[in-house]
Amino acid sequence: MAKHFSEVKRELEQSDGHMAGIGQQIKLSEEARDARNAGRRLEDENDETDLIGTMKKLEDLIAEQRQSNERIAREMRGMVSEMKDVLEKVEELRNGAADAQHQANQMALMGVANAQQKAGEMTIKNVEEVTARSRKVIDSMVEESKKRIERLSMVTLPDRLFYYSKWMAVILVLIILVHVLWGMLV
């Protein structure tokens, strides 16, 4: 089997260096050279196979990365689509809330207007009721006053009769005097 150069070098360094004869040294140096050459050939073959293997691994990794990137891109598109849907729903909710707020404001304004109208109607109704009661009270007071006046007039009728009678008597006396004077003069 071929030995790697570093292994041969290690073995040489470990040996005590006292080898018998030059022939053995030449034999060892040839073996070392053969081992070095064999090691270089193996390294070159390993480099080529390692390079090809590495290239295949890189191509496989690139393909896996592309697939992973495509999968991630699909997932991201799906997430973006979901986020868009969520955003649209939020926008709809916001618009719905704004519409509901506007409607609530309008209802409140209508409620205030209706309350004002009802309050106005109730005030008019109450004023009419008070006016009707006041008219009744005034009419009853007028009737009572008329009745009192009639009673007073009945009570004061003899006084009036006397008053009118007195004036009638004075006028008759004057007429008689005028007639007597006229008769004297004529």
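How do the pairs read when you match residues in segment 123-151 that are of a type in the set (A, V, I, L, M, F, W, C) with residues anywhere that are open to solvent by 100 Å² or more (accessible area, probe 1.4 Å), using Cβ under 8 Å and keeping only pairs 6 or more apart or on different chains?
Note: no pairs meet the criteria.
Condition first: under 60 Å from the mean Cα position of the chain (by Cα) and part of a helix (DSSP H, G or I). Can you find one or more residues in segment 136-153 that meet it?
Among the residues of segment 136-153, at least one is under 60 Å from the mean Cα position of the chain (by Cα) and part of a helix (DSSP H, G or I), which makes the answer yes.
Which of the residues that make up segment 137-166 are surrounded by 10 or more Cβ atoms within 10 Å (Cβ to Cβ) and either at pLDDT 90 or above or aliphatic (A, V, I, L, M) (or both)?
Within segment 137-166, 137, 138, 141, 142, 149, 152, 157, 161 meet the criteria.
Count, please, the residues in segment 107-120 that happen to be modelled with pLDDT of 85 or more and either open to solvent by 100 Å² or more (accessible area, probe 1.4 Å) or more than 43 Å from the chain's Cα centre (by Cα) (or both).
3
Could you check segment 122-136 and list, in sequence order, the residues that are open to solvent by 100 Å² or more (accessible area, probe 1.4 Å) and either acidic (Asp, Glu) or touching a Pro at 6+ places or on another chain (Cβ under 6 Å) (or both)?
Residue satisfying the conditions is 128 alone.
Which of the following residues is touching a Lys or Arg at 6+ places or on another chain (Cβ under 8 Å), of a type in the set (A, V, I, L, M) and at pLDDT 70 or above: 32, 100?
32
Residues to consider are 11, 43; find the one that is in a helix (DSSP H, G or I), modelled with pLDDT under 65 and open to solvent by 80 Å² or more (accessible area, probe 1.4 Å). It would help to see each step written out before you state the result.
Working: 11 fails: modelled with pLDDT under 65.
None of the others qualify; the one that does is 43.
The values are calculated or read from the model by the stated rules, or taken from the named source; none is laboratory data. Everything quoted here is computed from the prediction, not taken from an experiment. Counting neighbours? That spans all protein chains shown, and the Cβs are built from the backbone with ideal geometry, glycine included. Protein only, heavy atoms only, side chains kept; ligands, DNA and RNA dropped before computing areas. Shrake-Rupley method; radii C 1.70, N 1.55, O 1.52, S 1.80 Å.
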